[in-house]
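Colleague: Quick one: structure below, then a few questions.
The values are calculated or read from the model by the stated rules, or taken from the named source; none is laboratory data. What you are looking at is a predicted structure, and each value in this text was computed from that prediction instead of being measured. Reconstructed Cβ throughout: ideal geometry from the backbone, glycine too, with neighbour counts over all protein chains shown.
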Amino acid sequence: MKVIHDTGEPDILIPSEGTYPYVRGGVSSWIAQLIAGLPQYKFGIVFIGSKRAEYAPKPLFEFANNLVYVVELFMFDETEKPSIKAHNGKPKDFEKIEELYQWFKNKKEKESFPSEIKELNFYLNKITEIDFLYSREAWYFIANKNTQNCSEIPFLDYFWTVRSIHIPIWKIAKLAKAVKHKGRIVHSPSTGYAGFLATLIANDTGKPFILTEHGIYTKERKIDLISSSLNHYKKLDLFRESAEDNYIQNMWVKFFEGIGKMSYEKANPILSLFGVAKETQIAYGANAHICEVIPNGVDVHKLGATLKNRPKGVPKIITLIGRVVSIKDIKTFIRAIQITAQSIPDIEAWIVGPDDEEKAYAKECHELIEILDVKKHIKFLGFQNIADILPQSGLLTLTSISEGMPLVILEGFAAGVPCVATDVGSCKELIFGGEDPADKALGSAGYICEIANVEALAQSYIKLLGNEEKWLKAQAVALKRVNTFYTQELFLNNYQRIYEDTFSKMDKQQETPWQE
């Protein structure tokens, strides 16, 4: 753990899991927008990452004056591990680990998290990191669970998976102890490790915990687990049984579901960006009475000013703004461009975003372009200023397999660019209109396609770029929708209301009877 910025005491502490300030993208932009847009509050950031080497060497954002505290923790760095030493451990203490294990494994929908295990003291004093990592009792515990529940799973795979799941728990607990006195409110942009940190702080100090989920964390981790293995011990796929993968994946899923439930039990309010996300939160155990939708908003004035830079006619340029990673399904976009080029020979596809996060996947994308012989149509532009890119674009596209509420669609709308997207997150609401009847009445600002439907994406590109009247109608809807329902002012006013209500309740609770 390292403090990298400290100029004062924050009012609001934001745990940032793998996002701001070391990663660009939706959640990072949202955090930066919130901090800069509410200068009356002082903010602190608690960055939680995996390994230091996996992130930019220095922050990618310039810190606003009201960002007064930034601390970082890289959970799997070797320097974060305690020194190895022989340790017996206490059998009685591991009865609580057994209770925790059984809760994750067999929890019922209405069953609360074991009370003692909600407390910070449990992880710092009852069973410490050294107890779990190095004690003889921990070895017995893991070995017995392997024998009892999944003897067909090789012990090494099971052992390293259990350690990988549990190591962050103690890292987060120690981090919570270090930062629990920072800020009057904890506001987490996700469940997961960030939500777990917020839950521990709230349980230990009584501070309010506000949760805003951009995507449903548990759902996104399930998608990650399908496409990659989170266990640290690797072996040749030839020798890996499918049942082995399924069991280990299920262990991770149950863990993330469990700590997600902890966040839902403690947070108030529980916020989401669109209606379907709210319904999903409730399905995962959130209290419907404290759930609320607060959509993202964009600076329509700044982006609207770029309209004067648009050329006459409809540019034959389709722009995908996003990281070159598997969850964005760049390969489907590449295949769709091959089909589109047969009808629009001068089509260009711009992929705007970093390609160093999943290097193997990025390499596969470049290889696919060579195989499909579409190199002349597709350009990788890396990170760019969207104010320069959007006026040159005829269409914006997202081919993702999971999203929350993509700011980039709203940014495109504000700059007069219709969108073709897959049916994920709030994309359908943004393009066809949300719950407000007046929003739906505006009409369509583009098209929605099934996930990984190459043909549907290509035909949607062709319909809009090949028909200027249709494109102009979609552009008009996009501009009207974003300027009416998704402005930065609405977004900031909503969060100012949330913060003011929370601070007001805190102040009333602190009043003594003779002051009333």
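Colleague: Out of all the residues in region 417-428, which are surrounded by fewer than 22 Cβ atoms within 10 Å (Cβ to Cβ) and either touching a helix residue (DSSP H, G or I) at 6+ places or on another chain (Cβ under 7 Å) or within 27 Å of LEU307 (Cβ to Cβ) (or both)?
Modeller: Matches in region 417-428: LYS428 only.
Colleague: Taking region 430-446 on its own, how many of its residues are in contact with a Pro (Cβ under 9 Å, 6 or more places away or on another chain) and touching a residue at least 40 places away in the same chain (Cβ under 8 Å)? Walk me through how you get there before you give the answer.
Modeller: Here is the first cut: in region 430-446, the ones in contact with a Pro (Cβ under 9 Å, 6 or more places away or on another chain) are 430-431, 434, 444-446.
Then drop every residue that is not touching a residue at least 40 places away in the same chain (Cβ under 8 Å), which leaves 430, 434, 446.
Residues that pass the stated criteria total 3.
Colleague: Count, please, the residues in region 63-91 that happen to be modelled with pLDDT under 80 and charged (D, E, K, R).
Modeller: Of the residues in region 63-91, 4 are modelled with pLDDT under 80 and charged (D, E, K, R).
Colleague: Moving to a separate point now. Can you run down the residue pairs with Cβ atoms below 6 Å, 6 or more apart or on separate chains, where the first is in region 10-23 and among the polar types (S, T, N, Q) and the partner is crowded, with 24+ Cβ neighbours inside 10 Å and at pLDDT 95 or above?
Modeller: Close Cβ pairs (under 6 Å, with a partner that is crowded, with 24+ Cβ neighbours inside 10 Å and at pLDDT 95 or above) amount to SER16/ILE45; SER16/PHE47.
Colleague: Please report, ordered by residue number, the helices (runs of 4 or more DSSP H) entirely within region 295-377 with at least 3 residues that are farther than 14 Å from ILE389 by Cα and in contact (Cβ under 8 Å) with a residue 24 or more places away in the chain.
Modeller: Numbers: elements: 300-304, 330-343, 359-372.
Passing ranges, in order: 330-343, 359-372.
Colleague: Can I ask one more? Would you be able to tell me the number of residues in region 445-455 that are under 29 Å from GLY313 (Cβ atoms) and surrounded by fewer than 16 Cβ atoms within 10 Å (Cβ to Cβ)? First the steps, then the outcome.
Modeller: Going residue by residue through region 445-455, those that are under 29 Å from GLY313 (Cβ atoms) are 445-449, 453-455.
Cutting the leftovers down to surrounded by fewer than 16 Cβ atoms within 10 Å (Cβ to Cβ) gives us 455.
So the count comes out to 1.
Colleague: Something else about it: Evaluate region 35-46: report whether one residue or more is part of a loop (DSSP other than H, G, I, E, B) and within 19 Å of the chain's Cα centre (by Cα).
Modeller: Going residue by residue through region 35-46, those that are part of a loop (DSSP other than H, G, I, E, B) are 38-42.
Next, from what is left, pick out any that are within 19 Å of the chain's Cα centre (by Cα): none.
Within region 35-46, none of the residues are part of a loop (DSSP other than H, G, I, E, B) and within 19 Å of the chain's Cα centre (by Cα).
Colleague: While we're on this one: Which one of GLY26, GLY49, GLY44 is closer than 22 Å to MET405 by Cα and outside the structural domain of ILE409 (by TED's automatic domain parsing)? Show your work before the answer.
Modeller: Numbers: GLY49 fails: closer than 22 Å to MET405 by Cα; GLY44 fails: closer than 22 Å to MET405 by Cα.
When all the criteria are applied, what remains is GLY26.
Colleague: If you take the residues of region 1-23 that are of a type in the set (A, V, I, L, M) and at pLDDT 90 or above, which of them is surrounded by the fewest Cβ atoms within 10 Å (Cβ to Cβ)?
Modeller: Per the criteria, the residue is VAL3.
Colleague: Follow-up question, since we're still on this one. Please enumerate the residues belonging to region 177-226 that are of a type in the set (Gly, Ala, Ser), modelled with pLDDT of 90 or more and not in a loop (DSSP other than H, G, I, E, B).
Modeller: ALA178, SER188, ALA194, GLY195, ALA198, ALA202 - these are the residues of region 177-226 that are of a type in the set (Gly, Ala, Ser), modelled with pLDDT of 90 or more and not in a loop (DSSP other than H, G, I, E, B).
Colleague: Hey, among PHE383, PHE432, which residue is of a type in the set (Phe, Trp, Tyr), over 23 Å from THR487 (Cβ atoms) and surrounded by fewer than 19 Cβ atoms within 10 Å (Cβ to Cβ)?
Modeller: Numbers: PHE432 fails: over 23 Å from THR487 (Cβ atoms).
Residue meeting the stated conditions: PHE383.
Colleague: Also, quick follow-up: For the structure I just gave you, tell me whether LEU60 is assigned to a strand (DSSP E or B) and of a type in the set (A, V, I, L, M).
Modeller: No; evaluated as a whole, the condition is false for this residue.
Colleague: Collect the residues in region 24-51 that are crowded, with 21+ Cβ neighbours inside 10 Å, without any contact (Cβ under 8 Å) to a residue 60 or more places away in the chain and within 20 Å of LEU410 (Cα to Cα), keeping them in residue-number order.
Modeller: Answer for region 24-51, where residues must be crowded, with 21+ Cβ neighbours inside 10 Å, without any contact (Cβ under 8 Å) to a residue 60 or more places away in the chain and within 20 Å of LEU410 (Cα to Cα): just ILE35.
Colleague: When the residues of region 63-75 are narrowed to those that are in contact with a helix residue (DSSP H, G or I) (Cβ under 7 Å, 6 or more places away or on another chain) and in a loop (DSSP other than H, G, I, E, B), which ends up surrounded by the fewest Cβ atoms within 10 Å (Cβ to Cβ)? First the steps, then the outcome.
Modeller: Just the residues of region 63-75 that are in contact with a helix residue (DSSP H, G or I) (Cβ under 7 Å, 6 or more places away or on another chain), to begin with: 64, 66-67, 71, 73-75.
Next, only the ones that are in a loop (DSSP other than H, G, I, E, B) stay: 64, 66, 75.
Values: ALA64: 16, ASN66: 18, MET75: 18.
Among those that are in contact with a helix residue (DSSP H, G or I) (Cβ under 7 Å, 6 or more places away or on another chain) and in a loop (DSSP other than H, G, I, E, B), it is ALA64.
Colleague: Follow-up. Restricting attention to helices (runs of 4 or more DSSP H) lying wholly within region 394-506, give those where 1 or more residues are small (Gly, Ala, Ser) and within 26 Å of the chain's Cα centre (by Cα). Explain how you work it out, then say what you get.
Modeller: Numbers: elements: 407-414, 427-432, 437-441, 454-465, 468-485.
In region 394-506, the matching helices (runs of 4 or more DSSP H) lie at 407-414, 468-485.
Colleague: Turning to a different aspect of this structure: Please go through region 54-86 and pick out each residue that is within 30 Å of ILE165 (Cβ to Cβ) and within 20 Å of the chain's Cα centre (by Cα).
Modeller: Taking region 54-86 first, the residues within 30 Å of ILE165 (Cβ to Cβ) are 54-57, 59-60, 69-86.
GLU54, TYR55, ALA56, PRO59, LEU60, VAL70, VAL71, GLU72, LEU73, PHE74, MET75, PHE76, listed by residue number.
Colleague: Looking at this structure, is ILE117 of a type outside the set (Phe, Trp, Tyr) and either at pLDDT below 85 or more than 26 Å from the chain's Cα centre (by Cα) (or both)? Steps first, please.
Modeller: Working: of a type outside the set (Phe, Trp, Tyr): yes; either at pLDDT below 85 or more than 26 Å from the chain's Cα centre (by Cα) (or both): yes.
Taking the combined requirement at face value, the residue satisfies it.
Colleague: What do you reckon, is TRP170 of a type in the set (A, V, I, L, M, F, W, C) and either in a loop (DSSP other than H, G, I, E, B) or buried (at least 19 other Cβ atoms within 10 Å of the Cβ) (or both)?
Modeller: Working: of a type in the set (A, V, I, L, M, F, W, C): yes; either in a loop (DSSP other than H, G, I, E, B) or buried (at least 19 other Cβ atoms within 10 Å of the Cβ) (or both): yes.
The answer is yes for TRP170.
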